[in-house]
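Step one of this worksheet: look at the structure below.
The values are calculated or read from the model by the stated rules, or taken from the named source; none is laboratory data. No experiment lies behind these values; they were computed from the predicted model shown. When we count neighbours, we look across all protein chains shown, and the Cβ atoms used for this are built from the backbone with ideal geometry, even at glycine. Just the protein is used for accessible areas: all its heavy atoms, side chains included, with ligands, DNA and RNA removed. Shrake-Rupley method; radii C 1.70, N 1.55, O 1.52, S 1.80 Å.
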Amino acid sequence: MEKFGTNYLEERNLVKRWPQPIPAIVSLVFTLIIFYGTWWIFQDPRGLMRMYTPFVGYMYTRWWLIVLIWMVYLFNYWPFKRSWLEKTNPITKGVVLTAISFVLLYILIKGFFEGIVGNLGIAYFNPGQLTKLPGITEFFAIEYSALACLMFAALASWLSPAWIVAFEEAPWQDMQQPAKGFSILIVTFFLSTVIYFLTMHSHMGILYYPWQYFTSIAPPYWEKFADTVSGNFHVSWIMCCTVTVWIVETIWARYPFNLIKKNWLRRVVAFFGIIAIAFAMHFFLYFAQELTWGAAIRGTRRAFAPDWRWLHVGEMAVFFLVPAMFITFYCGNWPKKFSIPVNALIRTVLTILGGILLYIFYYKTSHLFLGTQKGFSHPQQFPMIPTIWLINIWLVHHWFMDNWPGWKMVPKTADEIARDHEAEHALIEDVKWSPALGWGLGAGTVAGIAIYFITIELLPVFYNAIDIIK
Amino acid sequence: MSENNKIKRRDFLKGAAMGVMGGTLATMGVYSYSPWRKARFPKVVRKMVDIGACKNIKVTNISETSWFDNANLMGDIKGAGGLLVNQYDYNWPPFGDGSGLGKGSYEKGIAKIKHLLPDKLEEAWEITEKLSVHPENAGGYACLIELEELNGQKHKYLLDSGWSYKWTDECFKREGIDKMLENREIEALFISHEHFDHFWGLPVTMKYDPTITLYVPDSFYPEGLQYIKDSGHKGKLVKVKPGLNPVVPGFASFVFAIPIICRVYGEQSMYFNIKDKGLVSVTGCCHQSIIQFAETAYREIKYENDNLHGVYGGLHISPFEDWDPKFDDLVLSLGKYGFEKIGCNHCTGILCAKKFIAAGYPVVRGSARFRSKDTAYLGNGDIITFGV
């Protein structure tokens, strides 16, 4: 039976061509060159296609991410055979699979969203339909429909990988491709649609004058709690969900949920645990802005507006995803020598430090080379576009190109795969209850609470000590 | 160390690592958006800077129609690559060089007309009309502010200088600004920000009074500063730093360091403290938002009766008649600030003015003359007074 790319990622052995950190540095330089070249071609407001309008570029960036996830996580590279994946030159694979992802992306946006949904169902998904309305210019018609598509993408970028990472493909984990891929695609798309209507549709409903009382809840139900009628409140926690899914999948290697032995319990706890962690992040990152910039003022613009603050929560979250991806893809998920919780904690600390440094670097310098605008809160300043664009390139490089040229792909033997499973199992078994672990857990919890309060005390001091934007 | 102790230490560390992450995340979730957090917000300390008080001000709307067709303007912006493209690259007048949309630059554009500035503006505009994208769409924003001090002394100031040389000159003549400038009656020109529709008509002011004192935000780009020179300015140039800039008793400008579309940075707005009435805000585009402007006034300055009396100018809400739910946040919140007289126009958007009126706010209606499109707000040639 052809297995296509099922378990390809875990059953490939990436052999470093040189000792670390050379492969990591080579990969970083290589992917940054690709990033900047493609940024100039597709996104840069000074470049060729200038898709950073911003919503058009943002929409394609988000949906490209999802298409990549679909191709690899949901469909396991189907219809490409395993032998093709193992024997084909990484550059050829990268070019072919990326080209396919672009075709799928185009069909999805132009065919499904604009063509079918926008023409036959909901007008705001199609710019052509919007320009028929009085007073809407072509520019904003395109931007509004792109906004609707990308709001949908926010949901899909959380739910598609969540079904794999949390639910472990259940109940279709034993099904053959492409049936498995289509099953997960349909259920995650269905869930995305339902949650879209509950979280984003009302945003679109009050985007037009008069408010669309007959088709959406206006004002939206979250107004009092979120201090805004904007759907950015939902964009925020959903982005945190997306980031948390990938944190769990990469630097946490599915910890702590992999410690639960019962399959159904582990899967359910993982799915809702990711949401709980995301909400903690969602609230904390909003609070961090209140601590540094002061309380939000409803009705104002930019850095003091609650809607922008919620959006910025999602933006900040993505800054932390970048180092997490780098640690996993190019640093072999270092360190690995300690127990699972200690490894995860060290990687988390490194990710937080990396995310903070990247945040400072981005706002200090991005306007100098990305063609974006100086400042935190320009309405067209969307750091999620370059950060996700870079992540997309890393996914292409890691999934499609086997980290070429820093690494060489060698398929693992059956023995090696078995040994990996045993080692993984042993690591999980290593974390079992004991009185010492209990004392550690208690002390750690107290320390965690203390760390939180120390952090919120120091955050304003730290922020005032550095001059990010002159 | 015995093996048993080693195991105990390992287990303790495992537990501690789990506890640290769990404890931190749990506290993040429980505390961060709770009402208790508000006790930790930075305290608002009112500086109560005394800028004095004036008797009244009168604002004459010279032009609020910055462009005449939204579709053309947004089509150009879309074609050139969106709202982040450098405004000098659009190939809009007066910097058109004939190379087409999105391919221009300040240097190439100004080279075509520099020799004609500021005295031969008709000729300069004829040249740029041939080389630019949608020259017929250019209008401009400008207003005249007449201030009377408590002792009766009067001052005149210009806020902004439009965009199209042709349109701005026409508007200046309509409102008698040309004569006031020639007679040196106008003490200073305040440029709110570097945007094309507020700043690029600068040579029209220079044509009539090149010695006028000019106040610009200190965040002007090199192109903007060069344009001031190329326009023939010979007077004093004040680059206003972010913050409060007192001018005469009862009047201070305030520069906000904020990023704005088309690669512009920083906006200068005006505060007037009217005796017995309260604070009046006069703005070009108010990119910082009227509520931020009001909140800044609350933090920074002392004003009569602690009352927000009025507003004039662009409030930058739906300049292209676009909308966003965050604008509804503004419409829903503005009422609690208690403005008694709202004279909005320009980038406020007609749609927003209608929403203000529907919300029951005291919007001063206009006459929709001289190419202003709607009576929902103050149009070209309309006058609003505060304290008179």
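Some notes on this structure:
- Each label was represented as a point 7 Å from its Cα along the Cα-to-Cβ direction; for A:Leu133 and A:Val15 these points are 6.0 nm apart.
- Extreme residue, positive dipole direction of the range A:12-432, given options A:Gln176, A:His201, A:Leu265 (C-beta unit charges): A:Gln176
- Cα-projected label distance for A:Val29 with B:Leu150, points at 7 Å along beta-carbon direction, nm: 7.0
- Helix content alone sets the calculated 222 nm mean residue ellipticity of chain A: runs of n ≥ 4 DSSP H residues at -39500 (n - 2.57) each, divided across all residues, give -20000 deg cm²/dmol.
- Local electrostatic count at A:Ala423 - Lys and Arg +1, Asp and Glu -1, tallied over other residues with Cβ under 11 Å: -4
- Cα-centre dipole for the range B:70-137 with unit charges at Cβ (Lys and Arg positive, Asp and Glu negative), debye to 20: 240
- For chain A, the share of accessible area belonging to carbon and sulfur comes to 72 percent (1.4 Å probe, ligands and nucleic acids excluded).
- Two-site FRET efficiency, B:Thr211 against B:Val45, from Cβ-Cβ distance with R₀ of 35 Å, rounded to 0.05: 0.30
- Here is what passes the span test in chain A: the DSSP H helices with alpha carbon length of 30 Å or more along the helix axis and a Kyte-Doolittle mean of 1.0 or above are A:138-165, A:263-293, A:340-369, A:435-465.
- Each DSSP beta bridge with both residues in the protein assembly as shown is either parallel or antiparallel, and the antiparallel ones are about 65%.
- Charge-dipole axis of the range A:12-432 as Lys and Arg at +1 and Asp and Glu at -1 on Cβ define it, positive-most pick from A:Ser83, A:Leu291, A:Val29: A:Val29
- Taking a ≥ b ≥ c as the square roots of the eigenvalues of the Cα gyration tensor, chain B is classed as prolate, since a/c reaches at least 1.5 and a/b is larger than b/c.
- Chain pair B, A: total accessible area buried, heavy atoms, 1.4 Å probe, Å²: 6500
- Within straight-line cross-link reach of B:Lys114, lysines at Cα separation under 27 Å, skipping those fewer than 8 residues along the same chain: B:Lys103, B:Lys130, B:Lys166, B:Lys173, B:Lys179, B:Lys207, B:Lys229, B:Lys234, B:Lys236, B:Lys239
- Span-rule helices in chain B, defined as complete DSSP H runs reaching 20 Å or more along the axis (Cα) with Kyte mean at least -1.0: B:3-31
- Prolate/oblate/rounded label for the range A:381-439 (Cα gyration tensor, a/c 1.5): oblate
- Inter-probe distance in nm under a simple model that places probes 7 Å from Cα toward Cβ, at A:Lys408 and A:Ile466: 4.0
- For the pair B:Lys38 and B:Glu170, the difference between a 0.36 nm per residue extended length and the Cα-Cα distance amounts to 42.1 nm.
- A dipole drawn for chain B from +1 and -1 charges on Cβ atoms has a positive end, and of B:Phe251, B:Leu214, B:Thr60 the residue lying farthest that way is B:Phe251.
- Listed peptides A:137-144, A:437-444, B:223-230 by packing density, highest first (mean Cβ within 10 Å): A:137-144, A:437-444, B:223-230
- Listed peptides B:272-282, A:332-342, B:33-43 appear in the order B:272-282, A:332-342, B:33-43 once ranked by packing, highest mean of other Cβ atoms within 10 Å at the front.
- Tensor-based shape of the range A:310-406 (alpha-carbon gyration tensor, a/c under 1.5 rounded, otherwise prolate or oblate): oblate
- Proximal aspartates and glutamates to B:Lys154, defined as alpha-carbon separation beneath 14 angstrom and excluding residues fewer than eight positions away on the same chain: B:Glu146, B:Glu185, B:Glu187
- With R₀ fixed at 35 Å, the C-beta to C-beta distance from A:Ile360 to A:Met49 puts the FRET efficiency at about 0.75.
- Straight-distance candidates among the lysines for linking to A:Lys412, with alpha-carbon spacing under 17 Å and chain neighbours fewer than 8 residues away dropped: A:Lys3, A:Lys16, A:Lys81, A:Lys87.
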